[in-house]
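Input: a single structure, listed below in structure tokens.
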Amino acid sequence: MLTSERGMYHRSMRPIEPEAVFGQIKYDGSFKRFHYRGNRLVRAEFATLAIAHNIKKMAAKMCAERRSAGGSRPTEAVSTLGHVRGRGPTDASYRAAMTRQTLGGME
């Protein structure tokens, strides 16, 4: 029930939880405005953004679990777009890093 102690707690958290997600999508994802017009297309675009946000969260959680289980850590920093920072896509070490990332650190 909404007036119970538990219900009041959930109601108090409701405005905070979604706002954090919108902030992350806007700031971290550099989302400024919708590219399409019309309710159906805007809903589809936002659904795509939400799916991408959830996949990023799942990937971060899987990496954290792997690290805590003693798994290998990547030797280079990889951005969210999959690019090794400071290297171009034609660099041989870039291709090697991307292969390691694709294979999950196993060679």
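Each value in this text was obtained by applying a stated rule to the coordinates, not by laboratory testing. Since the model is a prediction, treat every value here as computed from it, not as a measurement. Every residue, glycine among them, receives a Cβ derived from its backbone with ideal geometry; neighbour counts consider all protein chains shown.
Judged by the mean number of other Cβ atoms found within 10 Å, the most tightly packed of the peptides 26-37, 42-53 leads the ranking 42-53, 26-37.
A simple spin-label model places pseudo-atoms 7 Å from Cα toward Cβ; at Arg6 and Leu41 they are separated by 4.5 nm.
One chain, two ends: Ala64 and Val21. Fully extended at 0.36 nm per residue, the span grows by 13.5 nm beyond their Cα-Cα distance.
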